[in-house]
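Participant: The following block contains the structure, expressed as structure tokens.
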Amino acid sequence: MGEAGQLALLGSRVLLVGLGGLGSPALLYLTAAGVGSIGIMDMDRVELSNLQRQVLYGEGDLGSDKTSRARARAMQIRSDAEVQVHQGRISEANARQIIAGYDFVIEATDNRESKFVVNDACVALNIAFSHAGVSELQGQTMTVLPGRGPCVRCVFGDVPDLEAGREGEERGILGPVAGVVGAIQALEAIKYLVGFGELLVGRLLTWDAGRMEFRRVPLPAEPSCGVCGKLLDGAEYEKRGFRNQ
Ligand SMILES: [Zn+2]
């Protein structure tokens with residue numbers, strides 16, 4: 001990345017919504033990479049059943065707020081990291097106020113409602129974000145640049161079949177599967193902030209960990225999308241080939 005890239009990271013603000021299986025590795029890598037200011041949001045406390053995949057925490061953290069333990073862990077890695085705690089659950093009522101001012105958002109939640117709330121607020125505020133979901137041996141992730149590619153609602157409609165959420169929790173999530181996908185989310189944030197590589201915009205990365213098969217599925221943006229459609233320039237989309245891939 002060089003000195004310029006490192007300075008860009010130091011001057012960046014990233015919000016991490018969800019401090020579970022995806023958010024744990026994402027926070028470790030964002031902190032270690034040198035992101036200057038990191039917001040963390042979660043409402044839960046650390047439970048024993050979390051520890052197999054939520055690698056931020058250990059037995060000594062059981063019963064504590066995830067936000068406070070995650071902040072302490074980040075400060076262990078980099079004592080000069082600015083870590084802003086948002087205790088609670090993201091909702092339509094608070095999302096825009098919390099998200100405004102961040103340069104990039106990592107949506108690492110475990111439920112459909114929160115995924116939509118983050119999507120809608122980021123699109124409204126024109127803030128780039130990474131979406132992801134994991135379940136058993138499956139993972140998926142995409143990056144949204146509002147107006148420059150499809151949003152989560154373009155892809156999944158109003159009632160998405162996201163393989164995350166409490167359903168995923170019940171079926172179980174293998175720790176390393178969440179670890180890989182969460183690390184990819186951190187990488188997308190770093191690429192966006194520093195400005196290198198090719199982002200997962202207009203492409204859903206799916207991973208079948210059982211067969212160890214990664215696929216990049218091209219996705220059209222939907223000009224009729226109720227959330228981001230008005231931002232979309234149809235001609236620009238055709239030119240970029242989003243609709244015809
Ligand atoms: Zn959309």
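Participant: Collect the residues in region 57-83 that are surrounded by fewer than 18 Cβ atoms within 10 Å (Cβ to Cβ), touching a residue at least 12 places away in the same chain (Cβ under 8 Å) and over 18 Å from G34 (Cα atoms), keeping them in residue-number order.
Facilitator: Step one: filter region 57-83 for residues surrounded by fewer than 18 Cβ atoms within 10 Å (Cβ to Cβ), giving 58-60, 62-65, 68, 72, 75-80, 82.
Restricting the remaining residues to those that are touching a residue at least 12 places away in the same chain (Cβ under 8 Å) gives 62-65, 68, 77-78, 82.
Hits for region 57-83 are L62, G63, S64, D65, S68.
Participant: Name every residue in region 84-110 that is crowded, with 21+ Cβ neighbours inside 10 Å, hydrophobic (A, V, I, L, M, F, W, C), in contact (Cβ under 8 Å) with a residue 40 or more places away in the chain and not in a loop (DSSP other than H, G, I, E, B), in order of residue number.
Facilitator: Quick first cut of region 84-110, residues crowded, with 21+ Cβ neighbours inside 10 Å only: 90, 95, 99, 102, 104-110.
Within this subset, residues satisfying the condition of being hydrophobic (A, V, I, L, M, F, W, C) are 90, 95, 99, 104-106, 108.
This time we only want the ones that are in contact (Cβ under 8 Å) with a residue 40 or more places away in the chain, so: 90, 99, 104-106, 108.
I99, F104, V105, I106, listed by residue number.
Participant: May I ask you to list the residues in region 207-229 that are at pLDDT below 95, of a type outside the set (D, E, K, R) and part of a loop (DSSP other than H, G, I, E, B)?
Facilitator: Residues satisfying the conditions are L219, P220, A221, P223, S224, C225, G226, V227, C228.
Participant: I would also like to ask the following. Can you pull out every residue in region 127-143 that is within 18 Å of Y192 (Cα to Cα) and without any contact (Cβ under 8 Å) to a residue 40 or more places away in the chain? Break it down into steps so the answer makes sense when it comes.
Facilitator: In the first step, residues of region 127-143 are kept if they are within 18 Å of Y192 (Cα to Cα); the result is 127-132, 141-143.
Selection gives I127, F129, H131.
Participant: Can you confirm whether region 118-125 contains a residue that is surrounded by fewer than 19 Cβ atoms within 10 Å (Cβ to Cβ), in contact with a strand residue (DSSP E or B) (Cβ under 7 Å, 6 or more places away or on another chain), within 27 Å of A32 (Cβ to Cβ) and modelled with pLDDT of 95 or more? Show your work before the answer.
Facilitator: Restricting attention to region 118-125, the residues satisfying the condition of being surrounded by fewer than 19 Cβ atoms within 10 Å (Cβ to Cβ) are 124-125.
With in contact with a strand residue (DSSP E or B) (Cβ under 7 Å, 6 or more places away or on another chain) added as a condition, the list becomes none.
For region 118-125, residues surrounded by fewer than 19 Cβ atoms within 10 Å (Cβ to Cβ), in contact with a strand residue (DSSP E or B) (Cβ under 7 Å, 6 or more places away or on another chain), within 27 Å of A32 (Cβ to Cβ) and modelled with pLDDT of 95 or more: absent.
Participant: Have a look at L204, L193, L199 and point out the one that is within 16 Å of the ligand (Cβ to nearest atom) and either assigned to a loop (DSSP other than H, G, I, E, B) or modelled with pLDDT of 95 or more (or both).
Facilitator: Values: L193 fails: within 16 Å of the ligand (Cβ to nearest atom); L199 fails: within 16 Å of the ligand (Cβ to nearest atom).
From the options L204, L193, L199, the qualifying one is L204.
Participant: With the structure loaded, tell me whether D158 is at pLDDT 95 or above and either among the aromatic types (F, W, Y) or more than 17 Å from D103 (Cα to Cα) (or both) or whether it fails that test. Spell out how you get there, then give the answer.
Facilitator: Numbers: at pLDDT 95 or above: no; either among the aromatic types (F, W, Y) or more than 17 Å from D103 (Cα to Cα) (or both): yes.
When the stated conditions are applied, D158 does not pass them.
The values are calculated or read from the model by the stated rules, or taken from the named source; none is laboratory data. All figures in this text were calculated on a predicted structure; none of them were measured in a lab. Quick reminder, even Gly has a Cβ in these numbers, built from the backbone with ideal geometry, and neighbours come from all protein chains shown.
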